[in-house]
Amino acid sequence: MNKEELRAKFTEIHGNDQEQLDFILSEENRIIVTAPAGCGKTKAMISKIAHEIITNDYLNNKRILALTFSVNAAAKIREDIKETLPILLGKANYEVDDKLDVSNYHGFANRILRKHGYILHDNFKNINDFIRISDNSGELRKVLVSQEIRVLENYDESLKKLDFKEADRLQGSYIDIVLTKLVPRNIITYNGILLLAMQILDKKAIRDFYKLYYQMVIVDEFQDTNYLALQFLMRIVEANKVILMGDDIQKIYGFLGAVPNIFKKMENEYNMLPMEFRTNYRFKDNKNMKQLDSYIRGIFRNYNNIISYSKTANINFKLFNSDNGEARFIYKDLLKYTTADKNVAILFRAKYLASDLINILEKNKIMYFNGLFEDSDPEYIKFHKEALEIFINESGVRKSISRTVITSVKGKLNAKKQTITNNETMFNSLMRLLDALLDTTKAKNISTEEKYEAIIFTLSNNSLKRLMNEINEQVTLTTIHSSKGLEWDYVYLPNMTSYSFPTSKSLCKLCSKNNGRSLYEKHCKFDFVPGLEEPFYEELSVLYVALTRGKQDVFLTASRGPNQFGYNKKVNCFLTLPKLKIINNF
Ligand SMILES: Nc1ncnc2c1ncn2[C@@H]1O[C@H](COP(=O)(O)OP(=O)(O)OP(=O)(O)O)[C@@H](O)[C@H]1O
């Protein structure tokens, strides 16, 4: 294909979006793309990879590496690329796996350890049998003395608190402890996976190999990258084409240490070309949502000048006198959408906040999908591990995913239910997601081998949650963090009260301690005092992600009913932001 044909091909897909086309067709080696939610980052990323494959005539020993922070996103990108590339290239069954590796940071680091880990320790030959734990897992007490546990905890804490000096100071001891005490017992920590993979990449020959092997590294959701992942990434990308994509405002993993203003830093330090997408496709026919989107993005640029903020937006909000009243309202209100055949999600800041609504939905026999699990739930992780093991056994060397295999996987997993969780609802939800995974994958127009790989990939990356949009249920309950990258027709956001959202852990406690707020009868107002900028934006980012999940509309609610200490709750500060007009006639 010559340049003109290429342009025509991508124009068919991207219409006349010049910003997207410029990016896809650009020959620059180092690009940063930032864009608001719904402006086509993922779509353009897929085309960019396709463009790279078409124009660079990749040899079999050179590849593209697509990385993302979240496992959910990695699974989606891999799937989209596998579906889109054959269409773009006009070839059925195009073998994408030859050209492309898609993973999240940990998945990729794990792969490096599997391949080269024997340099560090013999046990890495069996890395698949390793137990993976976090730095505050109780399991560590069985194998480490308290001083060692403190090193691991402090290292993790320093990453979360963005204390990079302290992280650098502790790094050597951390690696020693993992290598001498954990790896011999087939245990590894999540931070350990990245740190040891970095040790391997520090061997010049291996590093040089990867620099050549990966001609292009493209990273999505780059805003969620923490200091450790960034160090890891920098070891692979030195001499290659590097493309970083994301949206600073959708940084919702700040509590895990996502580096602030990371795009600007990379732009300056690595002389990268910044590009922006500005056309919002998700809300293209929805003036109100578009306005709200741009209003919130504007707030991010105005911390010290908020009073003179000139943008306005409307937001749907209703206040109730009791938690039960709030939940009853949501239940009744959502019926008008479900009867019109629309899908609805109720997104919670934390899963414990969902109990009132669950009671009401169950009492009224409303079918709903309970997606209230978190990445770190041990039961959520165990389910994936068991399902993966059973699936590998059942599909056998032929890698079959026949009906018989699927039925047998489900049967065997059901038989293990008691060992996975005694939470019946959670188990059933996960079984439904597994069903969706097996069904949607089986139905795809790809080879059996690719189907097998797609299932293995989803299960080994704990990313069943991503299948939530495939569940044929009109009502979904899940957490805001799990909703990232997904979308529904209508979205409800309950519990808009201080200490619930923002949470006490994130902003509210800090804010009350630092005189950052004024209290009124019904609401709490944020006063934009110095020092609270980061935690305020952190929570506003979570709100932004939640608001941008609703294609048609988003409804916020709160209750003034007493909290667990008997005090009346107050509407959160977000709803008192300047020039935000409350509409309560929904
Ligand atoms: N050039 C385009 N023409 C038509 N539709 C587009 C175009 N670009 C994106 N879209 C559509 O807009 C929607 C959002 O795109 P996409 O998911 O790629 O955005 P995003 O920037 O990755 O969003 P988020 O930040 O929320 O993940 C999708 O339905 C996509 O197909």
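Using θ = phi - 60° in the Karplus curve 6.51 cos²θ - 1.76 cosθ + 1.60, the 3J(HN,Hα) couplings for segment 9-26 round to 4, 6, 5, 4, 7, 10, x, 9, 6, 4, 5, 5, 5, 4, 5, 4, 8, 5 Hz; x is entered for Gly and Pro. Anisotropy class assigned to segment 177-266 is oblate, per the alpha carbon gyration tensor with a/c at or over the 1.5 cut-off and a/b no larger than b/c. Peptide packing for 135-147, 543-555, 491-503, 463-475 was compared via the average number of neighbouring C-beta atoms within 10 Å per residue; ordered from the highest value, the list is 491-503, 543-555, 463-475, 135-147.
Computed 3J(HN,Hα) for segment 564-570, one whole-Hz value per residue from the Karplus formula 6.51 cos²θ - 1.76 cosθ + 1.60 where θ = phi - 60°, is 5, 9, x, 8, 5, 6, 10, glycine and proline marked x. Relative contact order of segment 255-387: 13 percent, from C-alpha pairs under 8 Å at least 6 residues apart in sequence.
Using θ = phi - 60° in the Karplus curve 6.51 cos²θ - 1.76 cosθ + 1.60, the 3J(HN,Hα) couplings for segment 112-124 round to 5, 5, 5, 7, 10, x, 4, 4, 8, 7, 4, 4, 5 Hz; x is entered for Gly and Pro.
With Cα atoms defining each centre, segment 524-550 and segment 116-166 are spaced 32 Å apart in the structure. Helix 164-177 and the long axis of the chain differ in direction by around 50°, with both axes built from C-alpha atoms. Helical runs assigned H by DSSP (4 residues or longer) give the chain a calculated mean residue ellipticity at 222 nm of -14500 deg cm²/dmol, each run adding -39500 (n - 2.57) before division by the residue total.
A crude spin-label estimate for the pair V529 and A239, with each label 7 Å from Cα along the Cβ direction, gives 5.4 nm.
The slack in the chain from R207 to R398, taken as 0.36 nm per residue of separation less the alpha-carbon distance, amounts to 65.3 nm. Distances between placed amide hydrogens fall under 5 Å for M275 paired with I32, V33, T34, all partners being 5 or more residues away or on another chain.
Rg/Rh, computed from the Cα trace of segment 98-169 with Rh as the Kirkwood radius, has the value 1.04.
Treating each Cα of segment 89-217 as an identical point scatterer and summing with the Debye formula, the log10 of I(q)/I(0) at q = 0.11, 0.18 Å⁻¹ comes to -0.45, -1.01. Pairs exceeding a 31 Å alpha-carbon distance, out of K203/K444; K203/K241; K142/K416: K203/K444. Of the peptides 8-16, 100-108, the ranking by mean beta-carbon count within 10 Å, highest at the top, reads 100-108, 8-16. If you sort the three axes of the alpha carbon gyration tensor as a ≥ b ≥ c, you get a/c of 1.5 or more for segment 247-291 and a/b no higher than b/c, which makes it oblate.
For segment 401-530, the square roots a ≥ b ≥ c of the C-alpha gyration tensor eigenvalues yield an a/c of 1.5 or more together with a/b exceeding b/c, which makes the shape prolate. Normalised by 2.2 N^0.38 Å, where N is the number of residues, the alpha-carbon radius of gyration of the chain equals 0.98.
Each peptide in 412-423, 157-168 gets a packing score, the mean of other Cβ atoms within 10 Å over its residues, and the list from highest to lowest is 157-168, 412-423. Simple spin-label estimate for V145 and Y520 gives 5.9 nm between the two label positions (7 Å along the Cα-to-Cβ direction from each Cα). Checking the cross-link pairs K161/K522; K336/K382; K265/K551; K41/K290 against a 27 Å limit on the alpha carbon distance flags K161/K522; K336/K382; K265/K551 as lying beyond it. A Förster radius of 30 Å, combined with the Cβ-Cβ distance separating N585 from K442, puts the computed FRET efficiency at roughly 0.05.
A short reminder: the numbers here are calculations on the coordinates, not readings from a lab. Model, not experiment: these values are computed from the prediction. Here Cβ is always computed from backbone atoms with ideal geometry, including for glycine, and neighbour counts include all displayed protein chains.
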